[in-house]
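Just below is one structure, and these are the notes that go with it.
The values are calculated or read from the model by the stated rules, or taken from the named source; none is laboratory data. Remember, it's a predicted structure, so these values are computed and weren't measured experimentally. Because the Cβ atoms are built from the backbone with ideal geometry, glycine has one as well, and the counts that use them run over all protein chains shown. In case anyone asks, the SASA skips ligands and DNA or RNA and just uses the protein heavy atoms, side chains included. Shrake-Rupley method; radii C 1.70, N 1.55, O 1.52, S 1.80 Å.
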Amino acid sequence: MDEQVELLRGIWNEMKALNGRITTTNESLGELRTEVRDGFRGLGERIDAVHSRSVERDLRLAGDLRDLKLDVRDLKNVAFAWHDEHRADRTNLAERVERLERHVGIERA
């Protein structure tokens, strides 16, 4: 019977030691869970901040691109107007030169 009691005491002592290790493991897991939760919360906040900056940047770029498109259109219209104006000037000048040449009797080659 003493042998059984000693065996049961040994089992009991191992169970107490195991219970202590389980308690320590649970505490460590709880701390780890808190760290992971806080880490994810911080990561979420950083992702939100990056997303907000990205949206703001995209909106600024969209506005800048719209303005650039309008500027290009305006410049294109100015260039076409300039081209048309100078084409008319060249035609007018060619006609005047031709009249002067006829007036002074110069023949074209």
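Near T25, within a Cβ-to-Cβ distance under 14 Å, what is the net charge of the other residues, with Lys and Arg +1 and Asp and Glu -1?
Working: positive: R21, R33; negative: E27, E31.
Around T25, the surrounding residues sum to 0.
Spin-label model, A62 to V78: label points 7 Å out along the Cα-to-beta-carbon direction sit 2.9 nm apart. If you wrap the tightest convex hull around every Cα atom of the chain and split its volume per residue, you get 144 Å³. With K and R counted +1 and D and E -1, the other residues having a Cβ less than 14 Å from that of G10 yield a net charge of -2. Accessible surface calculations at 1.4 Å, restricted to protein heavy atoms, place the chain at 95 Å² per residue. S52 to E31: FRET efficiency via 1/(1 + (r/R0)^6), r the Cβ-Cβ distance, R0 30 Å, to the nearest 0.05? For S52 and E31, the calculated efficiency is 0.40.
What percentage of the solvent-accessible surface of the chain, computed with a 1.4 Å probe over protein heavy atoms, is contributed by carbon and sulfur atoms? Present the calculation step by step, with values, prior to reporting the outcome.
Working: 6090 of 10310 Å².
That share works out to 59 percent.
The distance between label points at R99 and L70 comes to 4.4 nm (points 7 Å beyond Cα on the Cα→Cβ vector).
For L100, the solvent-accessible surface with a 1.4 Å probe is about 110 Å², rounded to the nearest 10. 3J(HN,Hα) couplings calculated from phi for region 41-49 with the Karplus curve 6.51 cos²θ - 1.76 cosθ + 1.60 (θ = phi - 60°) are, in sequence order, 4, x, 5, x, 5, 5, 4, 4, 5 Hz; Gly and Pro show x.
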